Structures are given as C-alpha cells and as structure tokens.
Amino acid sequence: MEVQIEQSWKEALQGEFEKPYFAQLARYLHSEKAAGKVIYPPGRLIFRAFELTPLSEVKVVILGQDPYHGPGQAMGLSFSVPDGVPAPPSLKNIFKEIEDDLGIRMSGDTNLEPWARQGVLLLNSVLTVQAGLAASHSRIGWQEFTDAVIRCISERCRGVVFLLWGRYACEKASLIDTSKHVVLTAAHPSPLARGAFFGCKHFSMTNSILVREGKTPINWQL
C-alpha cells in the first residue's frame with residue numbers, strides 16, 4: 001500500500017510500511033470498506049497528526065487510545081474534534097485543567113490543530129475505528145505501528161515531553177529513553193477517572209521543561 005504521509009515520517013518509518021503486519025492491516029481496512037463498513041476518520045485524515053507535526057518538529061507527544069467513533073468527530077488527532085462539534089467529556093476536562101493550571105480562559109474551540117502546528121504530536125495508539133464501535137480496530141496492527149512511532153521519536157529526537165494519561169498510555173513508557181526525554185504520567189482525563197486527572201499541571205510543567213531545553217513553549221490557549 002502506498003501510504004500518504006509527511007515525507008520525514010515516511011522516510012523514518014519506511015521499514016514499518018514494508019512489514020507483513022502493515023500489509024495485512026491495509027488489506028483489512030480495504031475489505032471493511034468494500035463490505036460497506038463506515039470507518040473513522042476519513043482516509044485522508046488517518047495520518048493527519050504526522051502531516052501537521054513533522055518528526056523534526058516534535059516537542060511534545062500526547063498519546064490517546066483510539067479515534068472517537070461518533071459521526072463527524074474523528075479527525076486524526078488524539079482528543080481533538082472539528083470546531084463546531086461539541087467537546088467530548090475528556091476534552092472538556094483537558095480544557096478545565098489547562099484553565100486551572102495556567103490561569104487562562106479557553107475559547108470553546110475544539111480543534112487542536114494549533115497545538116499540532118507548534119510541535120505537539122497528537123497521536124492515537126490506534127488510528128482507525130469502525131463507526132459506533134469503540135476499540136473495534138484495536139487488534140488489527142495499529143499498535144505495532146504506533147509503538148514504532150514512539151520508539152522512532154525516542155531514538156531520533158531529544159528533549160521531547162511525553163504526556164501519558166491513564167493506564168493504557170502509561171504502559172508505553174517502556175518504549176521511551178528517559179535519559180533523553182521526559183515522561184509525565186497522570187490519570188486519564190475521562191470522567192470515569194473521577195477527577196483524578198485534575199491538578200496534574202502537565203501543561204505548565206511541559207512548558208517549563210521546554211524552556212529548560214531551550215525550546216519555545218507551547219501556547220495552549222485556543
């Protein structure tokens with residue numbers, strides 16, 4: 001399968017695209033679409049996170065699990081939904097933490113592309129989902145690919161801040177060289193975590209780390 005992905009990522013991940021699991025993954029997606037299944041996000045947006053944040057520009061990684069499975073929500077960026085789409089509960093809680101942490105007021109915009117353009121890789125561990133069925137593509141090979149993405153960042157970049165929220169994301173810490181990067185962990189922003197995410201102060205901490213590394217901090221305000 002010819003993968004439409006930003007050039008620096010394409011070069012870095014070429015070996016993954018040539019592995020049998022990736023060909024099998026592509027065949028599965030083609031067969032599901034041929035069978036009339038609705039898959040999110042649309043094909044052109046599956047690799048949107050990579051398009052907006054080239055490998056050399058990655059400063060922060062926010063790891064999600066799999067795309068939103070409701071119509072019009074998934075846009076290829078973890079936790080993000082297009083403007084005009086109501087913020088899902090986890091995104092509302094992220095915004096609340098930003099407001100409390102940084103003392104700013106968020107506008108209500110729900111599209112996180114401005115973060116991605118500043119070097120925040122909004123990466124889901126699984127890049128597709130069948131409409132209406134959460135985690136339906138969690139076993140088709142995406143995690144092998146995105147684990148390789150995390151390892152690639154760990155090996156080729158320096159001073160990246162990884163924000164790992166919830167048990168699932170925290171398990172990815174083993175892929176990261178903590179002598180070169182910083183890993184911040186917290187509870188998931190989902191309401192199911194009963195507010196345990198609040199007070200993590202990951203947004204101010206991230207900016208302090210970036211400044212210490214001689215990098216421009218992220219403007220989290222939308």
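Would you say Gly108 is open to solvent by 40 Å² or more (accessible area, probe 1.4 Å), part of a loop (DSSP other than H, G, I, E, B) and either closer than 15 Å to Thr53 by Cβ or modelled with pLDDT under 95 (or both)?
Answer is yes for this residue.
Inspect all residues belonging to the range 82-101 and state whether any of them is in contact (Cβ under 8 Å) with a residue 60 or more places away in the chain, more than 28 Å from Lys201 (Cβ to Cβ) and either open to solvent by less than 20 Å² (accessible area, probe 1.4 Å) or part of a loop (DSSP other than H, G, I, E, B) (or both).
no
Which members of the range 31-47 meet the condition of being among the basic types (Lys, Arg) and farther than 21 Å from Leu133 by Cβ?
Within the range 31-47, Arg44 is the sole residue that qualifies.
Which of (1) in contact with a Ser or Thr (Cβ under 9 Å, 6 or more places away or on another chain); (2) open to solvent by 20 Å² or more (accessible area, probe 1.4 Å); (3) of a type outside the set (S, T, N, Q) does Gly64 not meet, given it meets every other one?
(2)
Picking from Ile98, Ile94, which residue would you name as being closer than 20 Å to Gly195 by Cα, among the β-branched types (Val, Ile, Thr) and in contact with a helix residue (DSSP H, G or I) (Cβ under 8 Å, 6 or more places away or on another chain)? Steps first, please.
Values: Ile94 fails: in contact with a helix residue (DSSP H, G or I) (Cβ under 8 Å, 6 or more places away or on another chain).
Going through Ile98, Ile94 in turn, the sole match is Ile98.
On the basis of being in contact (Cβ under 8 Å) with a residue 12 or more places away in the chain and open to solvent by 20 Å² or more (accessible area, probe 1.4 Å), does Pro217 make the cut? Walk me through it before giving the result.
On the way: in contact (Cβ under 8 Å) with a residue 12 or more places away in the chain: no; open to solvent by 20 Å² or more (accessible area, probe 1.4 Å): yes.
Taking the combined requirement at face value, the residue does not satisfy it.
Can you name the residue in the range 163-182 that is touching a Leu at 6+ places or on another chain (Cβ under 8 Å) and either buried (at least 20 other Cβ atoms within 10 Å of the Cβ) or of a type in the set (Lys, Arg) (or both) and, of all such residues, is nearest to Pro89 (Cα to Cα)?
Trp165
Can you find even one residue in the range 189-201 that is within 22 Å of Glu57 (Cβ to Cβ) and open to solvent by less than 20 Å² (accessible area, probe 1.4 Å)? Give the derivation first.
The first filter runs over the range 189-201 and keeps only residues within 22 Å of Glu57 (Cβ to Cβ), leaving none.
No: the range 189-201 contains no residue that is within 22 Å of Glu57 (Cβ to Cβ) and open to solvent by less than 20 Å² (accessible area, probe 1.4 Å).
Would you mention how many residues in the range 149-159 are over 14 Å from the mean Cα position of the chain (by Cα) and either in a strand (DSSP E or B) or of a type in the set (A, V, I, L, M, F, W, C) (or both)?
Counting residues in the range 149-159 that are over 14 Å from the mean Cα position of the chain (by Cα) and either in a strand (DSSP E or B) or of a type in the set (A, V, I, L, M, F, W, C) (or both) gives 2.
Could you go through the range 38-61 and let me know if any residue there is farther than 25 Å from Lys180 by Cβ, open to solvent by 50 Å² or more (accessible area, probe 1.4 Å) and aliphatic (A, V, I, L, M).
yes
For the range 1-55, please list each of the helices (runs of 4 or more DSSP H) lying entirely inside it that holds at least 2 residues being under 27 Å from Pro82 (Cα atoms) and over 18 Å from the mean Cα position of the chain (by Cα).
Once the helices (runs of 4 or more DSSP H) in the range 1-55 are filtered for at least 2 residues that are under 27 Å from Pro82 (Cα atoms) and over 18 Å from the mean Cα position of the chain (by Cα), what remains is 20-34.
The values are calculated or read from the model by the stated rules, or taken from the named source; none is laboratory data. Everything quoted here is computed from the prediction, not taken from an experiment. All Cβ positions, even for glycine, are placed from backbone atoms using ideal geometry, and neighbour counts span all protein chains on display. Heads up: the accessible areas ignore ligands, DNA and RNA and are worked out on the full protein's heavy atoms, side chains in. Shrake-Rupley method; radii C 1.70, N 1.55, O 1.52, S 1.80 Å.
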